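The values are calculated or read from the model by the stated rules, or taken from the named source; none is laboratory data. Remember, predicted model here, so these are calculated numbers, not experimental data. When we count neighbours, we look across all protein chains shown, and the Cβ atoms used for this are built from the backbone with ideal geometry, even at glycine.
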Amino acid sequence: MAVVSRCSRAATAATTANATTATTFAYLIRSLSPFSSSSSSTFDPQNDLNNRNKPAVLGTLKRESKGRNVQWVFLGCPGVGKGTYASRLSNLLGVPHIATGDLVRDELASSGPLSSQLKEIVTQGKLVSDEIIIDLLSKRLEAGEAKGESGFILDGFPRTVRQAEILEGVTDIDLVINLKLREEALLAKCLGRRICRECGGNYNVACIDIKAENGRPGMYMAPLPPPPQCASKLITRPDDTEEVVKQRLRIYQAMTRPVEDFYRSRGKLLEFDLPGGIPESWPKLLCALNLEDREDKQSAAA
Ligand code: ADP
């Protein structure tokens, strides 16, 4: 039986039995760990990731050609652009982009039983409980598997060390890309974010122009305007207010920064400093991932 089906059932059984956090996680790990051995890999993160100029995912891509798609994670502060780059890589590699923030927003919009509880948490910039987020993620993975999906690029999960431990217990993560952007730009990017209420497209009205000073280079990030058909349908996320973004940044430091160390100590973390907007950053990210050829082939085939 597939890992995701077990994951979902175990999560549901454990959460509906009103178990404590610890027993829920222990139950999940006990239920799922036998299956993680089936995806053991020859990926050597020490060799592949230590050299920042040639970190690449050679091991991962080799393994992909043996029949398994990539299983990557995006880490990074609110506003850094995880969704933008995860979605582009998902198109390039043909694996689903799964953003737990989107799963939470879908649940909120559904007016289901969790909706009002989630609304309060999200609008205060706090984290949803590990049990709820794992349940939402398990269901999403299970639905994807039923449609024949394999591999994933996770965005927004894991966000706590406990979530990272659980993920590590249930499957092999090949690579964790830690996106970094100058702090001055993060708040402006969140406040400038706009979403098309019809197609869900993400745009940004902020024009970030940080001048060079004290030996630090300047940085320019052009706005990302919507296409004409979306322009009159833009909405702002209710948690993208200054107060809530600052709270989310504080929570990132306290709860998610340690997740970087978790993966760093396992040799899986690729640090990537965004040099500016998409035109400068995307080619450099592809280069860091040794994927330039992929994009060339895809454009040639288009
Ligand atoms: P951000 O822009 O802060 O990265 P997301 O869109 O990823 O925001 O998530 C929105 C909200 O959904 C978070 O502030 C949090 O309340 C909830 N959320 C998303 N992923 C997780 C997670 N892995 N654990 C707990 N809460 C989460």
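Of all the residues in the range 91-115, those that are buried (at least 20 other Cβ atoms within 10 Å of the Cβ) and among the hydroxyl-bearing types (Ser, Thr, Tyr) number 1. Among the residues of the range 79-90, just one is more than 10 Å from the ligand (Cβ to nearest atom), surrounded by fewer than 22 Cβ atoms within 10 Å (Cβ to Cβ) and within 20 Å of Leu191 (Cα to Cα), namely Thr84.
Has the range 213-234 got at least one residue that is closer than 30 Å to Ile166 by Cβ and small (Gly, Ala, Ser)? The answer is no, given that none of the residues of the range 213-234 is closer than 30 Å to Ile166 by Cβ and small (Gly, Ala, Ser). Condition test on Cys207, is it more than 14 Å from the ligand (Cβ to nearest atom) and in contact with a Lys or Arg (Cβ under 6 Å, 6 or more places away or on another chain)? Here the answer is no, as Cys207 does not meet what is asked. Here Gly94 meets each of (1) closer than 26 Å to Leu187 by Cα; (2) free of Cβ contacts under 8 Å to residues at least 60 places away in the same chain with one exception, condition (1).
In the range 140-153, the residue that is farthest from Leu289 (Cα to Cα) out of those that are touching a residue at least 60 places away in the same chain (Cβ under 8 Å) and either acidic (Asp, Glu) or out of contact with any Leu (no Cβ under 8 Å at 6 or more places or on another chain) (or both) is Glu142. Contact annotation: residue pairs with Cβ atoms under 9 Å, 6 or more positions apart or on different chains, pairing a residue in the range 249-263 that is under 14 Å from Glu183 (Cα atoms) and at pLDDT 95 or above with a partner that is charged (D, E, K, R) and within 13 Å of the ligand (Cβ to nearest atom), are Tyr252/Arg159. Of the residues making up the range 204-219, not a single one is part of a helix (DSSP H, G or I) and under 20 Å from the mean Cα position of the chain (by Cα). Here is the figure for the range 229-240: residues that are surrounded by fewer than 16 Cβ atoms within 10 Å (Cβ to Cβ), touching a residue at least 12 places away in the same chain (Cβ under 8 Å) and either within 11 Å of the ligand (Cβ to nearest atom) or of a type in the set (Ser, Thr, Tyr) (or both) total 2. Residue count for the range 107-128, restricted to those that are hydroxyl-bearing (Ser, Thr, Tyr) and touching a residue at least 12 places away in the same chain (Cβ under 8 Å): 1. Which of the residues spanning the range 138-168 are under 15 Å from Leu103 (Cα atoms) and not small (Gly, Ala, Ser)? Correct list: Lys139, Arg140, Leu141, Glu142, Phe152, Ile153, Leu154, Asp155, Phe157, Pro158, Arg159. Per this entry, Arg159 is not counted among residues that are touching a strand residue (DSSP E or B) at 6+ places or on another chain (Cβ under 6 Å) and crowded, with 18+ Cβ neighbours inside 10 Å. Scanning the range 124-156 for residues that are surrounded by fewer than 17 Cβ atoms within 10 Å (Cβ to Cβ) and closer than 19 Å to Cys77 by Cβ yields Gln124, Lys126.
For the range 179-208, a residue qualifies if it is buried (at least 19 other Cβ atoms within 10 Å of the Cβ) and either among the basic types (Lys, Arg) or under 14 Å from Glu260 (Cβ atoms) (or both), and the qualifying residues are Leu179, Lys189, Arg193, Arg194.
Looking at Gly59, Gly76, just one residue is modelled with pLDDT of 95 or more and either surrounded by 12 or more Cβ atoms within 10 Å (Cβ to Cβ) or under 20 Å from Asn290 (Cβ atoms) (or both), and that residue is Gly76.
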